[in-house]
Structures are given as structure tokens and as C-alpha cells.
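Participant: I'd like to ask you about the structure that follows.
The values are calculated or read from the model by the stated rules, or taken from the named source; none is laboratory data. Quantities reported herein were computed from a predicted structural model and do not represent experimental measurements. Please note: Cβ atoms are built from the backbone with ideal geometry, for glycine as well, and neighbour counts cover all protein chains shown. To get the accessible areas, we keep the full protein, side chains included, count just its heavy atoms, and leave off ligands, DNA and RNA. Shrake-Rupley method; radii C 1.70, N 1.55, O 1.52, S 1.80 Å.
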Amino acid sequence: MRLDEQLNAIDLLCLRPFPAERGRSALAESGPGFHIAGLRVGDALWDADLTEVAEAEEEFDAGLTALVQALSLRWGAPETVDLAACLERTARGLPVRPPLDTLCGYVPRMHGWRVRGRWIGVGVGQGGRELPFQLLVAVGEEDVVDTVDAVDRAG
């Protein structure tokens, strides 16, 4: 997906109402208070050597940088949200609000903005060493990242 297509997909997700129940469509995984979509998904890295993995990571990081720059022109500088505390809570069986509960298994940190009552975050992650890199966007309720600070304090 080209940058303009990624921006269009983000715009569509921002306008889309949140469903009452979790589900998946062609565009996104959604549920009460969130949408998550893959803007770009790489190839599986089952037989890749370390050089190929590093090249794929660099390519996805460059795509994320371009997307963050484009979104920053619209909405200003992003806040960075470290999802390590969310991952730790999830691993201990403790509750984490969506979409952070899903994102923390793939993305170590998100770049996010609060726009018109919603939080929009983008990040690159990989669910495991052999799994593909993903450029993800999440749209959630505006205060969802406020819980990350609370998780850090409670952690």
C-alpha cells in the first residue's frame, strides 16, 4: 500500500463507528472502542538469514517514518507509547484495554495522536522472529493510552 493509500485507510478507520462486538472485516479487526488494521504486511521470514531480517526491518521502519511524518503534518508531533507494561500485564493474565491488549503482542511502541475524540496510533512490529513485519494502525477511544500510564504505576 502506498503512503497515500495508507493515509486514506487511516481516514476511513477514523470515521468508522466502533462495533458492539469483536469481529474482523476485509479492512480491520474491530471491537468495542477500537479498530486495528495492517497497512502493510511483509513476507514470512521462516528461511531468512539475519541480513534479510535486518533489511526487512529497515524497510518497514522507513515506511513508518514516512507515515509518522505525513501524519505529523496533519496533527502535530505524536506522543510515543511504550507497550512493554501492557505486554507484561497481558502475560500475567491482567486486563489491558483494547486495542492495546492486541497491539502489545506485535508492536513494542506506537506513535499516536489524539484527534476528534479518538486516539490514532501507528507502529511496526513482528509477532515472532519468523513472522512477517507489519505496519499497523490502531484507532481507539481518546483516553485509551491514559491507561498505559496507570498500568506503569500499577505494574
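Participant: If you scan the stretch 4-38, which residues turn out to be among the aliphatic types (A, V, I, L, M), open to solvent by 70 Å² or more (accessible area, probe 1.4 Å) and outside any loop (DSSP other than H, G, I, E, B)?
Facilitator: LEU12, LEU15
Participant: When you check ARG97 against the structure, is it in a loop (DSSP other than H, G, I, E, B) and either surrounded by 15 or more Cβ atoms within 10 Å (Cβ to Cβ) or out of contact with any strand residue (DSSP E or B) (no Cβ under 7 Å at 6 or more places or on another chain) (or both), yes or no? Full working, then the answer.
Facilitator: Working: in a loop (DSSP other than H, G, I, E, B): yes; either surrounded by 15 or more Cβ atoms within 10 Å (Cβ to Cβ) or out of contact with any strand residue (DSSP E or B) (no Cβ under 7 Å at 6 or more places or on another chain) (or both): yes.
Taking the combined requirement at face value, the residue satisfies it.
Participant: Within the stretch 39-49, track down each residue that is assigned to a loop (DSSP other than H, G, I, E, B) and in contact with a strand residue (DSSP E or B) (Cβ under 6 Å, 6 or more places away or on another chain).
Facilitator: Passing the criteria: only GLY42.
Participant: Failed condition for GLY76, given (1) open to solvent by 60 Å² or more (accessible area, probe 1.4 Å); (2) at positive phi; (3) in contact with a strand residue (DSSP E or B) (Cβ under 9 Å, 6 or more places away or on another chain), with all others met?
Facilitator: Checking GLY76 against (1) open to solvent by 60 Å² or more (accessible area, probe 1.4 Å); (2) at positive phi; (3) in contact with a strand residue (DSSP E or B) (Cβ under 9 Å, 6 or more places away or on another chain), the one that fails is (1).
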